[in-house]
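Undergrad: The following block contains the structure, expressed as structure tokens.
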Amino acid sequence: MRAMTEVFAGKHLVLGLSGGVACYKSAQLVRLLVQAGATVQVVMTEAAEQFITPVTMQALSGRPVYGSQWDAREPNNMPHINLSREADAMLIAPCSADFIARLVQGRSDELLSLMCLARPMDRVPLLLAPAMNREMWAHPATQRNLAQVAADGALVLGVGTGDQACGEVGDGRMLEPEEIMEELAAFFTPKLLQGRQVLVTAGPTFEAIDPVRGITNHSSGKMGFAIARAAREAGAQVTLVAGPVHLRTPRGVQRIDVQSAQQMFDAVHQQLPQAGVFIATAAVADWRPAKASDQKIKKDGSGQTPTLTFVENPDILAAAAQSEPARSGRLYCVGFAAESHDLLQHASAKRLRKQVPLLVGNIGPATFGRDDNALLLIDEAGTQELPHASKSLLARQLVAEIARRLPPVR
């Protein structure tokens, strides 16, 4: 999460806690926000203090915690005014069913709801991370209240699904701290790709030799997943076609899992007609065995090795660049190049050969599996280097560069 520093550095957030066992997640959320460079002012309801202590939240935030509208630490006795005016945003996490109802009614008989009512609505947005039992979440009264607070201008982040403290299973869990961080990052990010549909490929492919063996590579998928996340933060609708990797799907991104290059080719070209931007970061195998054995190939004791015949895989990027959406100007294609030497020469030749407007080269040494990288952007105007940084930061920078090159949304 330190990679989010460029989003949260200098931000001042009011984090409100209403009553619920999910308050334990808020402690980790504060820690992540502070690590990312944000200043966090915690405000707690009396009910929240039954689940976690103000001492804990003060230790994690490094700031005194407020809970009473009569707090004498404010010389004018107006913490509801003073604290709300300093904020770049207010986040209520957890936001209980009761607190949502209080917001709908405009209740203001305790500090946190009073701050929500007193905040300048034109410059201090209100975000809600609900947390409650599945039956409470599904109740018509809760859904009516959620619709009303959204109509009043609050952003409801949604809920997770899974085990609940009561022992039941279903919708209503508060989002995990990492998920809330992604939602906050998306909220604060300029919407450079608003109205765009972005298609991203990521990770390796796996070409089967037999049921237990195959040909693959060291690609971790981290760069592609970071780009998908950054594009979503920038307002795009994002579809991610992922090879075999063990990475969490970014919030708000549609994911399609594939194994082989042919499967990735088929998935990409099914999605191309809807896409406006195609970013091919996947490390796709150039060849595959002509025929995979349907049984494990075993040693027979003769010392002879099996002979494999290879055929060329379809070129996903080149085919996309020659598709009707690309030729008509409705699809902007971006390719990636991972070279072992002579990056500029090979990447420039690849751009011309595949006829893509932008080719992105990984500046060596090999960055497979790492969390950092450096990129070389090559287009018809020349080259531009994005210096060494986290892949998350590079993804945001690359998304901004792509957005700058796109024609206006029609």
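The values are calculated or read from the model by the stated rules, or taken from the named source; none is laboratory data. Quick caveat, the model's predicted, so the values are computed rather than measured. Cβ atoms come from the backbone with ideal geometry, glycine included; neighbour counts cover every protein chain shown. Calculation scope for accessible area: heavy atoms of the full protein, side chains included, ligands and nucleic acids excluded. Shrake-Rupley method; radii C 1.70, N 1.55, O 1.52, S 1.80 Å.
Undergrad: Residues being closer than 30 Å to residue 400 by Cβ and assigned to a loop (DSSP other than H, G, I, E, B): count how many of those fall in the stretch 1-24.
TA: Number satisfying all stated conditions: 4.
Undergrad: What pairs come out if I take residues in the stretch 157-176 that are free of Cβ contacts under 8 Å to residues at least 24 places away in the same chain and pair them with residues that are part of a strand (DSSP E or B) whose C-beta lies under 7 Å away, six or more apart or interchain?
TA: From the stretch 157-176, the pairs are 160/173; 161/170; 161/171; 161/173; 162/169; 162/173; 163/169.
Undergrad: Follow-up. Here is a check on your reading of the model: is residue 76 of a type outside the set (A, V, I, L, M, F, W, C), out of contact with any Asp or Glu (no Cβ under 8 Å at 6 or more places or on another chain) and part of a loop (DSSP other than H, G, I, E, B)?
TA: yes
Undergrad: Could you check residue 191 against (1) in a loop (DSSP other than H, G, I, E, B); (2) open to solvent by 70 Å² or more (accessible area, probe 1.4 Å); (3) without any contact (Cβ under 8 Å) to a residue 40 or more places away in the chain and say which number it fails?
TA: Answer for residue 191: the failing condition is (3).
Undergrad: Right, residue 34: open to solvent by 40 Å² or more (accessible area, probe 1.4 Å), under 30 Å from residue 397 (Cβ atoms) and aliphatic (A, V, I, L, M) or not?
TA: In short, yes.
Undergrad: Can you find a residue that is under 27 Å from residue 288 (Cα atoms) and in contact (Cβ under 8 Å) with a residue 60 or more places away in the chain anywhere in the stretch 232-243?
TA: For the stretch 232-243, residues under 27 Å from residue 288 (Cα atoms) and in contact (Cβ under 8 Å) with a residue 60 or more places away in the chain: absent.
Undergrad: Separate question: Of all residues in the stretch 30-56, count the ones that are in a helix (DSSP H, G or I) and within 22 Å of residue 86 (Cβ to Cβ).
TA: The qualifying residues number 8.
Undergrad: Of the residues 148, 105, which single one is free of Cβ contacts under 8 Å to residues at least 40 places away in the same chain and either in the same structural domain as residue 32 (by the TED database) or among the charged types (D, E, K, R) (or both)?
TA: Exactly one of 148, 105 is free of Cβ contacts under 8 Å to residues at least 40 places away in the same chain and either in the same structural domain as residue 32 (by the TED database) or among the charged types (D, E, K, R) (or both), namely 105.
Undergrad: What is the one condition in (1) outside any helix (DSSP H, G or I); (2) closer than 30 Å to residue 5 by Cβ that residue 166 does not satisfy?
TA: So the condition that residue 166 fails would be (2).
Undergrad: Of the residues 97, 118, 138, which is small (Gly, Ala, Ser) and either under 26 Å from residue 250 (Cα atoms) or assigned by the TED database to the domain that holds residue 251 (or both)?
TA: 138 is the lone residue from the list that is small (Gly, Ala, Ser) and either under 26 Å from residue 250 (Cα atoms) or assigned by the TED database to the domain that holds residue 251 (or both).
Undergrad: Quick test for you: out of 59, 27, 101, pick the one residue that is part of a helix (DSSP H, G or I), at pLDDT 95 or above and either loosely packed, with under 15 Cβ neighbours inside 10 Å or of a type in the set (Ser, Thr, Tyr) (or both).
TA: 59
Undergrad: Just wondering, is there one or more residues in the stretch 337-345 that are part of a helix (DSSP H, G or I), surrounded by 20 or more Cβ atoms within 10 Å (Cβ to Cβ) and in the same structural domain as residue 202 (by the TED database)?
TA: So far as the stretch 337-345 goes, no, none of its residues is part of a helix (DSSP H, G or I), surrounded by 20 or more Cβ atoms within 10 Å (Cβ to Cβ) and in the same structural domain as residue 202 (by the TED database).
Undergrad: For the stretch 85-98, which residues satisfy the criterion of being touching a residue at least 40 places away in the same chain (Cβ under 8 Å) and over 28 Å from the mean Cα position of the chain (by Cα)?
TA: Answer for the stretch 85-98, where residues must be touching a residue at least 40 places away in the same chain (Cβ under 8 Å) and over 28 Å from the mean Cα position of the chain (by Cα): just 98.
Undergrad: Now for a different question. Picking from 386, 308, which residue would you name as being in contact with a helix residue (DSSP H, G or I) (Cβ under 7 Å, 6 or more places away or on another chain), touching a residue at least 12 places away in the same chain (Cβ under 8 Å) and surrounded by 14 or more Cβ atoms within 10 Å (Cβ to Cβ)?
TA: The conditions single out 386.
Undergrad: Restricting to the stretch 206-244, what's the tally of residues that are surrounded by fewer than 16 Cβ atoms within 10 Å (Cβ to Cβ) and within 24 Å of the chain's Cα centre (by Cα)?
TA: Matching residues across the stretch 206-244 total 1.
Undergrad: Could you run through the stretch 86-98 and say how many residues are open to solvent by less than 30 Å² (accessible area, probe 1.4 Å) and within 16 Å of residue 125 (Cβ to Cβ)?
TA: 7
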